[in-house]
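The values are calculated or read from the model by the stated rules, or taken from the named source; none is laboratory data. Computed from a predicted model, the values in this text were never measured in an experiment. Cβ atoms come from the backbone with ideal geometry, glycine included; neighbour counts cover every protein chain shown.
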Amino acid sequence: MNHEPEPITDAVAPPRRAPEAPTHPATQIPLLLATVFLTYLGQMILNPIIAPLAREVGLAEWQIGVTISTAAVMVVVSSQFWGRRSQSWGRKPVLVAALTLAALTMIGFTIVSALGMQGLIPAGLLFTLFILLRGIGFGSAIAAIPPTAQAYIADVTPDEATRTKGMASIGAVQGVSTIAGAAVGGALAGLGLIWPIAAVPALLVVTVVLVAVKLRREPRQELIPDPAKVRPTDARVWPFLLAGFGMFTALGFMQVLIGFVVQDRFALTGQVTGVVTGGSLLAAGVGMVVAQAVIVPRSGWSAGTLLRIGTFVALGGFVLLIPSLGIWVLIAAVLLIGLGLGIAMPGYTAGPTLLMHRDEQGSLAGLIGATNGLTFVVAPTASTLLYGVWEPLPIIVGATVMASISVFVLLHPSFRSRRLA
């Protein structure tokens with residue numbers, strides 16, 4: 001059902017249903033954050049080696065772009081389902097099911113990649129298997145993780161300050177996973193491209209066991225049998241979704257291309273490209289962690305202020321990334337992008353939750369996840385195609401998108417309301 005926009009007041013919207021809020025939130029938040037960290041660590045380990053892997057197995061840039069875009073389509077399709085099920089089934093069943101699927105598909109991806117590097121699978125079949133395993137299977141599974149964590153944080157935090165810090169904590173562990181994933185992926189790439197790939201399903205199996213053994217299953221009275229469905233056109237939501245779409249589209253352009261940019265600008269080998277790309281993504285992760293673990297909690301800035309400041313900082317990084325000014329300038333540019341988006345993201349995720357009822361939080365979290373996934377439907381394919389036309393072009397487009405969002409969050413009244421200003 002579609003909830004009509006309601007007036008923005010200083011109080012959080014009261015729950016409209018009988019189910020009780022979780023009774024032991026403090027004991028579960030660290031465990032959910034650990035789950036987010038381990039899952040995203042596995043995903044981020046692949047980032048430094050995705051470009052050299054494509055060339056090692058004989059796939060074109062656009063084929064890797066389509067594979068990533070397919071995963072993003074599955075995130076879009078699945079996120080609201082997982083978000084609402086996290087409130088009706090409970091967090092534990094959702095996470096166990098999703099993580100098991102992720103582990104199984106990445107075991108298959110590891111085997112297929114190893115065979116592809118030995119030339120034992122034809123390119124057409126290899127591309128199809130990449131789409132099925134890394135795209136459809138893993139994409140469907142990973143879609144469950146952010147909505148489940150975000151809906152839980154929204155469920156147990158009563159005001160804007162604590163909710164913004166809670167959402168920032170999710171972003172912070174994702175940033176730490178980016179740092180660790182870049183470091184681990186880059187280091188393992190030095191031993192051979194198959195090693196970082198094989199590390200991913202191992203991490204996912206550990207995460208499944210952790211959740212199955214340690215995560216408390218909610219009592220029936222805490223569940224919401226029929227969570228409300230929030231529409232993307234809801235006036236309380238769409239400005240935030242548009243801002244998030246723009247930010248993550250620009251980020252997607254950078255993340256997908258950075259390995260190709262590093263290798264082509266500096267004429268590096270595949271293994272060295274993995275190490276340098278890992279270093280640049282490490283810088284982005286450092287920026288995000290500093291933003292979300294230090295700046296956001298200590299600043300006390302509202303959701304609207306975080307969005308305005310963060311998008312302008314990220315824009316500076318994109319502008320710096322356009323020209324070829326050397327490896328260290330490239331790393332500095334990526335650091336600024338990570339810092340800016342790290343500041344802005346908690347405002348994007350926390351802001352609309354303050355305008356929702358409790359039974360809407362799961363659907364909203366899924367909608368945010370779907371929006372983020374939608375950007376990676378567009379960004380990988382578009383950026384790799386533009387890169388084939390002219391190497392700086394996708395970075396210029398990313399900078400233009402970020403500039404547009406910076407102006408939007410500065411001028412739109414939704415980000416200057418009494419609650420969010």
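Key figures
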quantity: Subset of segment 375-399 [surrounded by fewer than 20 Cβ atoms within 10 Å (Cβ to Cβ) and hydrophobic (A, V, I, L, M, F, W, C)]; calculated: Val378, Ala382, Leu385, Leu386, Val389, Trp390, Leu393, Ile396, Val397
quantity: Matching residues, segment 262-298, being modelled with pLDDT under 90, of a type in the set (Gly, Ala, Ser) and either in a helix (DSSP H, G or I) or crowded, with 20+ Cβ neighbours inside 10 Å (or both); calculated: Gly270, Gly274, Gly278, Gly279, Ser280, Ala283, Ala284, Gly285, Ala293
quantity: Filter result for the condition that a residue is within 30 Å of Met402 (Cβ to Cβ), out of contact with any Phe, Trp or Tyr (no Cβ under 6 Å at 6 or more places or on another chain) and crowded, with 22+ Cβ neighbours inside 10 Å, over Val211, Val176; calculated: Val176
quantity: Boolean, Ser86 is touching a Gly at 6+ places or on another chain (Cβ under 7 Å) and polar (S, T, N, Q); calculated: yes
quantity: Any hit, segment 394-411, residues being at pLDDT below 90, out of contact with any His (no Cβ under 9 Å at 6 or more places or on another chain) and more than 20 Å from Gly317 (Cα to Cα); calculated: no
quantity: Selection from segment 169-224 of residues that are in contact with a Lys or Arg (Cβ under 8 Å, 6 or more places away or on another chain) and of a type in the set (Val, Ile, Thr); calculated: Val211, Ile224
quantity: Close pairs from segment 182-210: first within 22 Å of Ala103 (Cβ to Cβ), partner among the polar types (S, T, N, Q) and surrounded by fewer than 23 Cβ atoms within 10 Å (Cβ to Cβ), Cβ under 7 Å, at least 6 apart; calculated: Ala189/Gln271; Ile197/Thr110; Ala198/Thr110; Pro201/Thr110; Val208/Thr100
quantity: Top-ranked residue in segment 324-354 [being under 19 Å from Ile295 (Cβ atoms) and β-branched (Val, Ile, Thr); ranked as farthest from the chain's Cα centre (by Cα)]; calculated: Val334
quantity: Of residues in segment 97-142 being among the β-branched types (Val, Ile, Thr) and within 21 Å of Val211 (Cβ to Cβ), the one modelled with the lowest pLDDT; calculated: Ile142
quantity: Pairs, first touching a residue at least 12 places away in the same chain (Cβ under 8 Å) in segment 68-79, second of a type in the set (Lys, Arg) and in a helix (DSSP H, G or I), C-beta under 7 Å, six or more apart; calculated: Ala71/Arg134
quantity: Residue ID - nearest to Glu61 (Cα to Cα), chosen from residues in segment 122-142 that are of a type in the set (Val, Ile, Thr), touching a residue at least 40 places away in the same chain (Cβ under 8 Å) and surrounded by fewer than 21 Cβ atoms within 10 Å (Cβ to Cβ); calculated: Ile131
quantity: First in segment 40-63 and closer than 22 Å to Ala382 by Cβ and without any contact (Cβ under 8 Å) to a residue 60 or more places away in the chain, second anywhere and part of a helix (DSSP H, G or I) and charged (D, E, K, R), Cβ under 8 Å, 6 or more apart; calculated: Ala54/Glu61
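Okay, residues lined up against (1) in a helix (DSSP H, G or I); (2) over 19 Å from Ser79 (Cβ atoms); (3) not charged (D, E, K, R):
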site	(1), (2), (3)
Val313	yes, yes, yes
Phe318	yes, yes, yes
Leu325	no, yes, yes
Ala332	yes, yes, yes
Ile337	yes, yes, yes
Ala344	yes, yes, yes
Tyr348	yes, no, yes
Asp359	yes, no, no
